[in-house]
Amino acid sequence: MPKPARQLSDLVGQARRYGVRDEAVLAAIGTVPRQSFVPRRLAAAAYDDGPLPIGEGQTISQPAMVAMMAEAAQLQPSDSVLEVGAGSGYGALVLRALAGRVVTIERRSGLAEKARSALAGQELGDVKVVVGDGTLGWPADAPYDAIVVTAAGPAPPPPLLQQLAPGGRLVMPVGPRHRDQFLMRYTRPAASDVGDNGGNGSPVLAEDCRAERLTAVRFVPLIGAHGFGSGR
Ligand code: SAH
């Protein structure tokens, strides 16, 4: 008997099995048409819960992982979000379904271009896709209530902590290239917790943020000034 075709609701079930409980996040996973973000020849695998190649050695993340990161970012509908690592644009659209405004930055202009056209046809596809080194953040639209990094770096990039609003969350895989990585959440203290200087341009240091280790993960490397050196 042929295997029944998989569908969006299978991804929701998988995210639940991974422990995602936020109903808004599960609804977002159940809405974003992932097949629009994978290469046409892989469309049949779009609703398998795994990463898939999107060209240039990069991957569209596993949907359950996208869901876990979105849940970890604790988004409110009015939030402004920066995603680092646009890749296919899929994750950005999931974030957009949960927040008010999303900017996503990608260092590979070819992928950024494809992400832009994939997003253009989508409901809530009003995501700003920019090209650059996301380890420097995107100061023009800062501060952000949440920053979600979809590649693994050695440590949280200082510019990203700096661009968090008071109470903001940075969700990012941290660890060496290709192994021993953990999904981390760094929460900047709310203005009321840090006295007079909080939120007034004083440097935000990693040690001032609450750091939580969420789960073991495996991501492609974050390449840039505050990531790993150039290359794959
Ligand atoms: N969110 C994506 C996942 C893409 S994989 C999706 O849903 O499809 C991670 C992406 O991060 C890759 O496209 C890679 O090129 C990009 N990347 C790596 N280092 C980066 C950096 N410093 N700035 C911006 N993008 C980066």
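The values are calculated or read from the model by the stated rules, or taken from the named source; none is laboratory data. Just so you know, these numbers come straight off a predicted model, no measurement behind them. When we count neighbours, we look across all protein chains shown, and the Cβ atoms used for this are built from the backbone with ideal geometry, even at glycine. Surface accessibility is based on the protein's heavy atoms, side chains included, excluding ligands, DNA and RNA. Shrake-Rupley method; radii C 1.70, N 1.55, O 1.52, S 1.80 Å.
When region 149-189 is limited to residues that are open to solvent by 20 Å² or more (accessible area, probe 1.4 Å) and in contact with a His (Cβ under 7 Å, 6 or more places away or on another chain), the one that is farthest from residue 134 (Cα to Cα) turns out to be 158.
The residue that is nearest to the chain's Cα centre (by Cα), among those in region 14-23 that are surrounded by 14 or more Cβ atoms within 10 Å (Cβ to Cβ) and in a helix (DSSP H, G or I), is 15.
Scanning region 103-130 for residues that are within 9 Å of the ligand (Cβ to nearest atom) and open to solvent by 70 Å² or more (accessible area, probe 1.4 Å) yields a single hit, 107. So, residue 135, is that one within 11 Å of the ligand (Cβ to nearest atom), out of contact with any Phe, Trp or Tyr (no Cβ under 8 Å at 6 or more places or on another chain), among the polar types (S, T, N, Q) and over 29 Å from residue 43 (Cα atoms) or not? It is true that residue 135 is within 11 Å of the ligand (Cβ to nearest atom), out of contact with any Phe, Trp or Tyr (no Cβ under 8 Å at 6 or more places or on another chain), among the polar types (S, T, N, Q) and over 29 Å from residue 43 (Cα atoms).
Residues in region 8-24: is at least one closer than 29 Å to residue 210 by Cβ, of a type in the set (Asp, Glu) and touching a strand residue (DSSP E or B) at 6+ places or on another chain (Cβ under 9 Å)? Looking through region 8-24, none of the residues is closer than 29 Å to residue 210 by Cβ, of a type in the set (Asp, Glu) and touching a strand residue (DSSP E or B) at 6+ places or on another chain (Cβ under 9 Å).
Do you know which residues across region 59-68 are within 12 Å of the ligand (Cβ to nearest atom), farther than 16 Å from residue 108 by Cα and open to solvent by less than 10 Å² (accessible area, probe 1.4 Å)? Selection gives 63, 67. Looking across region 69-79 at every residue that is closer than 14 Å to residue 185 by Cα and in contact with a strand residue (DSSP E or B) (Cβ under 8 Å, 6 or more places away or on another chain), the one that is nearest to the ligand (Cβ to nearest atom) is identified as 69. Within region 80-102, the set of residues being assigned to a loop (DSSP other than H, G, I, E, B), open to solvent by 10 Å² or more (accessible area, probe 1.4 Å) and more than 9 Å from the ligand (Cβ to nearest atom) comprises 97, 98, 100.
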